[in-house]
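Student: I have a structure here, written as structure tokens, and I will follow up with some questions on it.
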Ligand code: ACO
């Protein structure tokens, strides 16, 4: 009989050559390249190519790939109509999940043995996520939807479609680095969800729509907006200790801390902390950054021996907050980045596919009988 492993912790479910994580040393590599190096030198478009094709593009390859993405940023009118029909109070992650599935009805890619069609769907998914997120935000605020601008980079175009203004170069770079940092992370819950869906040979819009749903939960990508809400409830740096004591006594999880794989501070968190500091230094002070660093320090003293340190979600919300992005858009911004990782994993899954079908340990009744309703 097979061993029961709750949460599949440590279970090897596939071979993959996309993302490498060393959780004890805090190392993350995409296709062998350290995340710190990519955050400093690369762009989201280039990283997406790297994840999808397994190598850095030449200048010509990158230009062609970028042009493919820019050409399919717009979403069809019927998808915008669906977004308009949704309640303005609905969470943007649900709107994104809905719109992603809807995109598949317009451009179906049902035969996943067609590699060229799979790549076209991949480009469309990566290119249209920012358009959907920005459109939903504007629709719910009763603002006109802004068409994508093909002269702008992926990051700049997202901020333009969201705010109606072309972002300054430093804002564009900040968002771009955030997208690079969030693009891939091995067999996390949402990527695994996508691979499971893909393993049934379902179409890529179902793969990504399912992955969006998985990312939205508070134990995964949904933690980033909850971190900000949590920090906002702590009135001052002096109040952090009492807050932490209360959380530990009442056995509540502190959002943005802890990770299944990392037992040291997540390398992405180091990079995002630096970005958050930069944003606050340029945009003016806020107590939130000081509250966050105090919480990190006290939590390390109390829970460091359990390997509980900041994960990617701890500082990312502070960066987005500093850039004026709505709190409930933080996880959609994560999805805009992670779609490159999801699609890279989907393509990899298809190369050597076997449907995921684990087993269970049955603990229910063994020999029950039907009881007539009148006799129950
Ligand atoms: N705050 C307080 N205690 C924690 C935290 C936390 N954030 N995270 C883990 N712990 C404790 C648990 O209470 C448990 O303690 P115990 O052994 O005394 O019972 C121990 O550490 C192990 O925790 P698990 O929840 O079993 O660890 P698991 O690997 O299953 O979960 C997870 C990892 C979900 C990330 C967890 O650390 C967590 O819930 N963190 C808060 C939510 C969060 O920030 N999620 C984003 C993760 S990054 C990402 O997905 C993009």
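The values are calculated or read from the model by the stated rules, or taken from the named source; none is laboratory data. Everything numeric here is computed off the predicted structure, so don't read it as measured data. Quick reminder, even Gly has a Cβ in these numbers, built from the backbone with ideal geometry, and neighbours come from all protein chains shown.
Results for (1) free of Cβ contacts under 8 Å to residues at least 40 places away in the same chain; (2) within 19 Å of residue 184 (Cβ to Cβ); (3) out of contact with any helix residue (DSSP H, G or I) (no Cβ under 6 Å at 6 or more places or on another chain), shown as yes or no for each residue.
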{"position": "3", "(1), (2), (3)": "yes, no, yes"}
{"position": "9", "(1), (2), (3)": "no, no, yes"}
{"position": "35", "(1), (2), (3)": "no, yes, no"}
{"position": "41", "(1), (2), (3)": "yes, yes, yes"}
{"position": "51", "(1), (2), (3)": "no, yes, no"}
{"position": "69", "(1), (2), (3)": "no, yes, no"}
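Student: Can you name the residue in segment 1-38 that is in a helix (DSSP H, G or I) and over 18 Å from residue 49 (Cα atoms) and, of all such residues, is farthest from the ligand (Cβ to nearest atom)? Walk me through how you get there before you give the answer.
Tutor: Step one: filter segment 1-38 for residues in a helix (DSSP H, G or I), giving 6-8, 35-38.
Next, from what is left, pick out any that are over 18 Å from residue 49 (Cα atoms): 6-8.
On the way: 6: 8, 7: 5, 8: 10 Å.
So, considering only residues that are in a helix (DSSP H, G or I) and over 18 Å from residue 49 (Cα atoms), the one farthest from the ligand (Cβ to nearest atom) is 8.
Student: So, in segment 121-166, how many residues would count as being under 17 Å from residue 340 (Cβ atoms) and out of contact with any helix residue (DSSP H, G or I) (no Cβ under 9 Å at 6 or more places or on another chain)?
Tutor: Here the count works out to 0.
Student: Let me ask something else. If residue 116 satisfies all but one of (1) in a helix (DSSP H, G or I); (2) surrounded by 23 or more Cβ atoms within 10 Å (Cβ to Cβ), what's the number of the condition it fails?
Tutor: For residue 116, the failing item is (2).
Student: If we scan segment 278-295, do we find a residue that is outside the structural domain of residue 209 (by TED's automatic domain parsing) and near the ligand (Cβ under 9 Å from one of its atoms)? Walk me through how you get there before you give the answer.
Tutor: Step one: of segment 278-295, the residues outside the structural domain of residue 209 (by TED's automatic domain parsing) are 278-295.
In the following step, the residues that additionally are near the ligand (Cβ under 9 Å from one of its atoms) were identified as none.
Looking through segment 278-295, none of the residues is outside the structural domain of residue 209 (by TED's automatic domain parsing) and near the ligand (Cβ under 9 Å from one of its atoms).
Student: Being surrounded by fewer than 19 Cβ atoms within 10 Å (Cβ to Cβ) and in contact with a strand residue (DSSP E or B) (Cβ under 9 Å, 6 or more places away or on another chain), is that true of even one residue in segment 74-97?
Tutor: No, segment 74-97 has no match at all.
Student: In segment 240-267, which residue that is assigned to a helix (DSSP H, G or I) and near the ligand (Cβ under 9 Å from one of its atoms) is surrounded by the most Cβ atoms within 10 Å (Cβ to Cβ)?
Tutor: Of all residues in segment 240-267, those assigned to a helix (DSSP H, G or I) come to 240-249, 267.
From the residues that got through so far, the ones that are near the ligand (Cβ under 9 Å from one of its atoms) too are 247-248.
On the way: 247: 18, 248: 13.
By that ranking, first place goes to 247.
Student: Mind checking whether some residue in segment 209-221 is away from the ligand (no atom under 16 Å from the Cβ) and crowded, with 23+ Cβ neighbours inside 10 Å?
Tutor: Yes, there is a match, as at least one residue in segment 209-221 is away from the ligand (no atom under 16 Å from the Cβ) and crowded, with 23+ Cβ neighbours inside 10 Å.
Student: If you don't mind, another one. Going residue by residue through segment 238-248, is there one that turns out to be modelled with pLDDT of 95 or more, under 30 Å from residue 37 (Cα atoms) and not assigned by TED's automatic domain parsing to the domain that holds residue 189?
Tutor: Within segment 238-248, the first condition is being modelled with pLDDT of 95 or more, and the residues that meet it are 238-248.
In the following step, the residues that additionally are under 30 Å from residue 37 (Cα atoms) were identified as none.
No, every residue in segment 238-248 fails to be modelled with pLDDT of 95 or more, under 30 Å from residue 37 (Cα atoms) and not assigned by TED's automatic domain parsing to the domain that holds residue 189.
The rows are residues; the columns are (1) near the ligand (Cβ under 10 Å from one of its atoms); (2) in contact with a strand residue (DSSP E or B) (Cβ under 8 Å, 6 or more places away or on another chain); (3) outside the structural domain of residue 235 (by TED's automatic domain parsing).
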position	(1), (2), (3)
299	yes, yes, no
303	yes, yes, no
312	yes, no, no
315	no, no, no
329	no, no, yes
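Student: Determine whether residue 359 is within 16 Å of the ligand (Cβ to nearest atom), more than 27 Å from residue 26 (Cβ to Cβ), surrounded by fewer than 19 Cβ atoms within 10 Å (Cβ to Cβ) and not assigned by TED's automatic domain parsing to the domain that holds residue 69.
Tutor: Numbers: within 16 Å of the ligand (Cβ to nearest atom): no; more than 27 Å from residue 26 (Cβ to Cβ): yes; surrounded by fewer than 19 Cβ atoms within 10 Å (Cβ to Cβ): yes; not assigned by TED's automatic domain parsing to the domain that holds residue 69: yes.
Taking the combined requirement at face value, the residue does not satisfy it.
Student: Tell me, which residue of segment 173-192 that is surrounded by fewer than 21 Cβ atoms within 10 Å (Cβ to Cβ) and part of a helix (DSSP H, G or I) is farthest from the ligand (Cβ to nearest atom)?
Tutor: Across segment 173-192, the extreme among qualifying residues is 173.
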